[in-house]
């Protein structure tokens, strides 16, 4: 039986040395929402002038805090802002009570930090369908306020974990007009990961000056290249939330046309997305699935996700079995365009199949050797056009069953 | 670790007492395609005048025998017919060689039984991407021919198994115009079960007289109420084939408007479909998911399959955890229409949730008691319209991982 408490073997070697992002402070406390003996609520306070963009789950049963954030994210405001997050209870499918609980929390934060309530964003993650004990959060607000520090992003990353086996953070620096601009973000997520529009809980901060509409379009575009291309188990959360805040404290303005900034932000987002996959429930293998030669990009993504979500492909990876027949099966069932006799498949650098059959030079021991790695690459070329997509996933192991047949999340 | 060799705990108590269907004979032999010491090839011979209908996988990477059957099923013929099936090798993704292997087998059967080649239907099930050793089949044809007997349907059911832990058969009798008409069928399937148009390997026989077009439309309609509503693991096979043959030997004519016959046939097909789910790889629970109150039937089925295929729902069932939050999640992600605040959910007779939250009378111990059963019912009412659908699935256990992380299928 898998040990469900130990850190994922795919975790990064060390936690990154996070920079201070001027204009935002963090704190985290133990509120005992569900977990005992660990921090489970985080607060972020952002300076006036901060712009905030967000993407959220498309679930039809999304949670009260998600609905609240979606409304607020559209508003223009020069006031400061706050983000409050709890772990242990998702406040999802909690009816009228859920709406009241969210409002109780955001009103209390607004009062405590002297902010308009419309600028307080909240997220909740954990068990679905149980009333959020919001008093446990609001009684901790003074303590959270007193602890606020620009250096406490690491504490925040810790407080938002549920089944995560490690805290997730990523950062980058870029020089624009001779001045440094910084980006740092945190994420949580391990199971129920098959983001639709956004994913899990992710908070990214930069001290750049960026107009709200620019920030939003940049975020939406990059989400489709990062968080929307990962899957752990094909199940989509009711609480997925990704907020990107630009404090402006560096005084450096970033336009929508700034490709260098966009690429740097993408690097940070992709790093966080990969960390979520690396902490996939029960994961022992990190798998990149690159599809090329599809009729179009959408078809390529459909094929790539069909492979990534196939239980038979994922268990073959877990068993280190180069069972490329299951990749063929997943392409066949995806519904996107494919011609069996034009297909080629690679495991790492090993050409496994081409023209609708096993490659004449294929030796199973070569592919089997690749499967022994912790990080695998499956490449599929459809031979139809120039559509392409890359997605990332993990394997399906006894650990996933152990976590989810016993743990109530 | 699960014992992957023992018979599913959900298997029927006994194998049915199959009737002889006049007009068709069966035989099965050991050909050593892949398995040793067990029968792995079956032959069925059908009398002249038999009509045959079929439905097949929609996979874009379907196998050579499936493509061959799809072409032949459209032809009208009064000649006799044959069905030849091997287990252990699916002859899928085998390029030109696969087409040649299929033709070698069907030509040899045609010669041996003195039939037109166009009336020889073949299926192959097992590993994908390896050349079919068709000589091992053709050298056994004389033996298969000599063994043909109306009483050997049970042997045929045994010979088509791969990871199946028990042989699957079902039968029924109906009196039409004062005369008995019989139906008997066999099936195989355990993993890679999420049929699209047809499913797995299923062969159903009746001695009724039924016109080919009537037989085909009856089969297509009933497939959408039976085999297309089951799922083990959301993975769709490259070889799914369902053939329905009417020998006419009873002399009793069945019209398309004969609801009694249609219902009897549906009962047999549903029994076989349920047996496939009961033999789902690693299954310990048989789950019926009934969705009502959807905007339309298609939406109801989308929701039902989203629940049935959710790894988090399936592991909760395995853990006997009445985790209805995961059912809410699966409805939310399905993409079909849902209003959170109109939803109600039942586990067995226990009303769990209504109006977007847990029911006021809900006691977890009631639902937990239901989850202990081998056979579970999850009911969802969307409160939107009159659309409904019922699907059947099994749980996701350590047994599934053990079978598929090790076994090369």
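The values are calculated or read from the model by the stated rules, or taken from the named source; none is laboratory data. These numbers come from a predicted model, not from an experiment. Every residue, glycine as well, gets a Cβ built from its backbone with ideal geometry; the counts of neighbours run over all protein chains shown.
Does residue A:89 meet the test of being farther than 18 Å from residue A:125 by Cβ and at pLDDT 90 or above?
Working: farther than 18 Å from residue A:125 by Cβ: no; at pLDDT 90 or above: yes.
So residue A:89 does not fit the description; no.
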Pick from the range B:320-329, criterion within 7 Å of chain A (Cβ to nearest Cβ) and part of a helix (DSSP H, G or I), ranking: farthest from the chain's Cα centre (by Cα): B:325
For residue B:24: the one exception among (1) touching a residue at least 60 places away in the same chain (Cβ under 8 Å); (2) touching a strand residue (DSSP E or B) at 6+ places or on another chain (Cβ under 6 Å); (3) surrounded by fewer than 24 Cβ atoms within 10 Å (Cβ to Cβ): (3)
Matching residues, the range B:259-286, being under 27 Å from residue B:311 (Cα atoms) and touching a helix residue (DSSP H, G or I) at 6+ places or on another chain (Cβ under 6 Å): B:269, B:273, B:281, B:282, B:285, B:286
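Quick check on residue A:291: is it part of a strand (DSSP E or B), farther than 30 Å from residue A:64 by Cα and more than 9 Å from chain B (Cβ to nearest Cβ)? Give the steps one after another, and end with the answer.
Working: part of a strand (DSSP E or B): yes; farther than 30 Å from residue A:64 by Cα: yes; more than 9 Å from chain B (Cβ to nearest Cβ): yes.
Yes; evaluated as a whole, the condition is true for this residue.
Quick grid of which residues meet (1) at pLDDT below 95; (2) closer than 20 Å to residue B:10 by Cβ; (3) not assigned by TED's automatic domain parsing to the domain that holds residue B:224:
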| position | (1), (2), (3) |
| --- | --- |
| B:291 | no, no, yes |
| B:308 | yes, yes, yes |
| B:311 | yes, yes, yes |
| B:339 | yes, no, yes |
| B:351 | no, no, yes |
| B:374 | yes, yes, yes |
Subset of the range B:44-64 that is away from chain A (no Cβ under 14 Å) and within 19 Å of the chain's Cα centre (by Cα) - its residue that is nearest to residue A:335 (Cα to Cα): B:55
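Restricting to the range A:379-400, count the residues that are more than 27 Å from residue B:315 (Cα to Cα) and part of a strand (DSSP E or B). Let's see the steps before the verdict.
We begin by selecting, within the range A:379-400, every residue more than 27 Å from residue B:315 (Cα to Cα); these are A:379-390.
With part of a strand (DSSP E or B) added as a condition, the list becomes A:379-381, A:387-390.
The total comes to 7.
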All positions within the range A:296-317 that are within 12 Å of chain B (Cβ to nearest Cβ) and not in a helix (DSSP H, G or I): A:310
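Matching residues to (1) crowded, with 17+ Cβ neighbours inside 10 Å; (2) outside the structural domain of residue A:205 (by TED's automatic domain parsing); (3) assigned to a loop (DSSP other than H, G, I, E, B); (4) in contact (Cβ under 8 Å) with a residue 60 or more places away in the chain:
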{"position": "A:44", "(1), (2), (3), (4)": "yes, no, no, yes"}
{"position": "A:52", "(1), (2), (3), (4)": "yes, no, no, yes"}
{"position": "A:58", "(1), (2), (3), (4)": "no, no, yes, yes"}
{"position": "A:65", "(1), (2), (3), (4)": "yes, no, no, yes"}
{"position": "A:71", "(1), (2), (3), (4)": "no, no, no, no"}
{"position": "A:76", "(1), (2), (3), (4)": "no, no, yes, yes"}
{"position": "A:79", "(1), (2), (3), (4)": "no, no, yes, no"}
{"position": "A:83", "(1), (2), (3), (4)": "yes, no, no, yes"}
Selection from the range B:325-346 of residues that are under 13 Å from residue B:308 (Cα atoms) and touching a strand residue (DSSP E or B) at 6+ places or on another chain (Cβ under 8 Å): B:327, B:328, B:331
Test set (1) more than 14 Å from every other protein chain (Cβ to nearest Cβ); (2) surrounded by 23 or more Cβ atoms within 10 Å (Cβ to Cβ); (3) outside any helix (DSSP H, G or I) - residue A:93 fails condition number: (1)
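Restricting attention to the range B:109-136, and to residues there that are in contact with a helix residue (DSSP H, G or I) (Cβ under 6 Å, 6 or more places away or on another chain) and farther than 14 Å from residue B:44 by Cα, which single residue is nearest to the other protein chains (Cβ to nearest Cβ)? Show your work before the answer.
Taking the range B:109-136 and keeping what is in contact with a helix residue (DSSP H, G or I) (Cβ under 6 Å, 6 or more places away or on another chain), we get B:110, B:112, B:117-118, B:120-124, B:128-129, B:131-132, B:134.
With farther than 14 Å from residue B:44 by Cα added as a condition, the list becomes B:117-118, B:124, B:128-129, B:131-132, B:134.
Numbers: B:117: 23, B:118: 23, B:124: 13, B:128: 3, B:129: 4, B:131: 9, B:132: 12, B:134: 16 Å.
Here the residue is B:128.
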Close pairs from the range B:375-400: first within 10 Å of residue B:289 (Cα to Cα), partner part of a loop (DSSP other than H, G, I, E, B), Cβ under 6 Å, at least 6 apart: B:376/B:285; B:377/B:348
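Could you tell me whether any residue of the range A:130-145 is closer than 18 Å to residue A:205 by Cβ and in contact (Cβ under 8 Å) with a residue 40 or more places away in the chain?
Filtering the range A:130-145 down to residues closer than 18 Å to residue A:205 by Cβ leaves A:144.
The next check asks that each one be in contact (Cβ under 8 Å) with a residue 40 or more places away in the chain; those that pass are A:144.
Checking the range A:130-145: at least one residue is closer than 18 Å to residue A:205 by Cβ and in contact (Cβ under 8 Å) with a residue 40 or more places away in the chain.
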Unique residue being at pLDDT 90 or above, more than 22 Å from the chain's Cα centre (by Cα) and not assigned by TED's automatic domain parsing to the domain that holds residue B:390 when the list is B:253, B:315: B:253
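Matching residues to (1) more than 13 Å from every other protein chain (Cβ to nearest Cβ); (2) over 24 Å from the mean Cα position of the chain (by Cα); (3) buried (at least 19 other Cβ atoms within 10 Å of the Cβ):
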site	(1), (2), (3)
B:337	no, yes, no
B:344	no, yes, no
B:367	no, yes, yes
B:379	yes, no, yes
B:387	yes, yes, yes
B:396	no, no, yes
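Residue-by-condition table, conditions (1) part of a helix (DSSP H, G or I); (2) on the phi > 0 side of the Ramachandran plot:
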site	(1), (2)
B:33	no, no
B:38	no, no
B:98	yes, no
B:101	yes, no
B:104	yes, no
B:129	no, yes
Failed item in (1) within 11 Å of chain A (Cβ to nearest Cβ); (2) in contact with a strand residue (DSSP E or B) (Cβ under 7 Å, 6 or more places away or on another chain); (3) at pLDDT below 95, with residue B:392 passing the rest: (1)
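Of everything in the range B:164-193 that's on the phi > 0 side of the Ramachandran plot and touching a helix residue (DSSP H, G or I) at 6+ places or on another chain (Cβ under 7 Å), which residue is surrounded by the most Cβ atoms within 10 Å (Cβ to Cβ)? Steps first, answer last, please.
Start the filter on the range B:164-193 by keeping residues that are on the phi > 0 side of the Ramachandran plot, which leaves B:177-178, B:189, B:192.
Going one step further and asking which of them are touching a helix residue (DSSP H, G or I) at 6+ places or on another chain (Cβ under 7 Å), we end up with B:189, B:192.
Values: B:189: 32, B:192: 30.
Top of the filtered list is B:189.
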Out of A:156, A:169, A:110, sole residue that is in contact with a strand residue (DSSP E or B) (Cβ under 8 Å, 6 or more places away or on another chain), under 19 Å from residue A:15 (Cα atoms), touching a residue at least 24 places away in the same chain (Cβ under 8 Å) and in a helix (DSSP H, G or I): A:156
For residue A:164: the one exception among (1) farther than 20 Å from residue A:65 by Cα; (2) outside any loop (DSSP other than H, G, I, E, B): (2)
Residue selected from the range B:137-160 under the condition in contact with a helix residue (DSSP H, G or I) (Cβ under 7 Å, 6 or more places away or on another chain) and within 26 Å of residue B:96 (Cα to Cα), by the criterion surrounded by the most Cβ atoms within 10 Å (Cβ to Cβ): B:137
Boolean, residue B:87 is within 24 Å of the chain's Cα centre (by Cα) and either closer than 16 Å to residue B:31 by Cβ or outside the structural domain of residue B:131 (by TED's automatic domain parsing) (or both): yes
